[in-house]
Amino acid sequence: MRNRLTHRAFTVMIALAAVFVATACAKPTMASQFGKKGVTFGVAVQAADVLDPKCVAVVKENFNLIVPENTMKWRNLRPTKGFWNWSDMDAMVKFAAANGMAMKGHTFVWHQQNAPYVDGLKTRDEAIALLQEQITTVMTRYKGKIREYDVANEVLNEDGTMRDTVWLRTIGDDYLDIAFKAARAADPDAKLYLNDYNNEYEGSAKGDGFYELAKALKQRNVPIDGVGFQLHVMGTAPLNADNLRSNVRRFAELGLLASFTEVDVRIPVPVTPEMEATQTEVYRQLLDIALTEPNARSFIVWGYTDKRSWIPAAFPGFGSAHLFDRAEKSKPAYEALKEMILKAPKPASPGQN
Ligand code: G3I
């Protein structure tokens, strides 16, 4: 009996030692380093990406969160009122879970990529019912599997006023309240975000409008957890890192997380070494803020490779915005981020990741 116990204890010790050695010797990857430092490092992926072995390898090695670039948008997920196209979303959710990654949902309230029956909404009651149904159905299906959502996206004009959308026209001023409340009720554990672009600077009309909107939502007890700065930025315009940092801080004072949600840094093509160096510096400055502001420990890139990029079609003359080139080779910006995360201290208290 005693011999058997000793033998079993020995076997357990050997197994534990093997796990210890394997963990200690495992090559630190970008994903494992970000995980260790408690920082989200996410990437937007297309539905086909999670089926492409080359892409899967890069995503797994580097990122700890994925977000569907287009799959959850209304026109793709529910092209007609009675047809839900779950297969692509389900595949992504499964991929994230199988690889120990978090998943983010994007997006419910938007003025683009809506299905025709959404754009055709006429009355407040039918719009509220449809919006609540959409949010509740998706968030119930993925409860505990999708960790955070952009509940609403790009609701502001450049001057900081509310954008004229189907939701504002049909429901009225309280449409965000209704959307966030439906989201909280559907999955109380999911983090709920308000996301926008050109909203990163304090003192700009849109930046201040965005702040006032988030503040008003908080004051009315609307269940919002954080704000998203998309940060589709241009290497040709210097980043005002001090301003962005102080903007992040004023959202912390409201009790809100600040996530960098769609980062890319586009530069004129053909690329020059000088522009690539500037791009690297912008990526570096952005990650520095995410690493050092306690409410901003979330850095999500909008695609990882120039091979599949929304930039050239949207901004002719610009490109090369992502961390990997068209051949999926890492760029200096990637290497800079890697060096930064390797050197970053472990968080004193657990981050939001
Ligand atoms: O899948 C169809 C394809 O079947 C068709 O042949 C082709 C012809 O145009 O279009 C394809 O769909 C395109 C889709 O991307 C997939 O590539 C749509 O036209 C195109 O409009 C769509 O663009 C997306 C855009 O949002 C609009 O939804 C971009 O990929 C996506 O990167 C972009 O993402 C947005 C964020 O959601 C919000 N913030 C800004 C960001 C950049 O615009």
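The values are calculated or read from the model by the stated rules, or taken from the named source; none is laboratory data. Note that the structure is predicted; figures quoted are calculated from it, not measured. Cβ atoms come from the backbone with ideal geometry, glycine included; neighbour counts cover every protein chain shown. Ligands, DNA and RNA are excluded from the accessible area calculation, which covers all protein heavy atoms including side chains. Shrake-Rupley method; radii C 1.70, N 1.55, O 1.52, S 1.80 Å.
Looking only at region 141-195, which residues are buried (at least 16 other Cβ atoms within 10 Å of the Cβ) and β-branched (Val, Ile, Thr)?
ILE146, VAL151, VAL155, THR165, VAL166, THR170, ILE171, ILE178
Looking only at region 233-248, which residues are touching a strand residue (DSSP E or B) at 6+ places or on another chain (Cβ under 9 Å) and closer than 19 Å to PHE210 by Cβ?
VAL233, LEU239, LEU244, ASN247, VAL248
Of (1) under 25 Å from HIS106 (Cα atoms); (2) touching a Gly at 6+ places or on another chain (Cβ under 9 Å); (3) surrounded by fewer than 21 Cβ atoms within 10 Å (Cβ to Cβ), PRO347 satisfies all except one. Which?
Here PRO347 meets the rest and fails (1).
Scan region 288-303 and tell me whether some residue there is within 16 Å of the ligand (Cβ to nearest atom), charged (D, E, K, R) and open to solvent by 10 Å² or more (accessible area, probe 1.4 Å).
no
Among residues belonging to region 196-225 that are on the phi < 0 side of the Ramachandran plot and within 16 Å of the ligand (Cβ to nearest atom), point out the one that is surrounded by the most Cβ atoms within 10 Å (Cβ to Cβ).
Taking the candidates together, the pick is PHE210.
Any chance you could count how many residues in region 67-83 are within 12 Å of the ligand (Cβ to nearest atom), assigned to a loop (DSSP other than H, G, I, E, B) and either hydroxyl-bearing (Ser, Thr, Tyr) or open to solvent by less than 20 Å² (accessible area, probe 1.4 Å) (or both)?
Counting residues in region 67-83 that are within 12 Å of the ligand (Cβ to nearest atom), assigned to a loop (DSSP other than H, G, I, E, B) and either hydroxyl-bearing (Ser, Thr, Tyr) or open to solvent by less than 20 Å² (accessible area, probe 1.4 Å) (or both) gives 4.
Quick check on region 235-253: of everything there that is in a loop (DSSP other than H, G, I, E, B) and open to solvent by 50 Å² or more (accessible area, probe 1.4 Å), which residue is nearest to LEU291 (Cα to Cα)?
The qualifying residue nearest to LEU291 (Cα to Cα) is ASN240.
Show the residue pairs that are 6+ apart or on different chains and have beta-carbon atoms under 6 Å apart, the first residue being within region 306-317 and under 20 Å from ALA48 (Cα atoms) and part of a loop (DSSP other than H, G, I, E, B), the second being open to solvent by less than 70 Å² (accessible area, probe 1.4 Å) and within 8 Å of the ligand (Cβ to nearest atom).
Going by the 6 Å Cβ cut-off, the qualifying pairs are SER309/GLY303.
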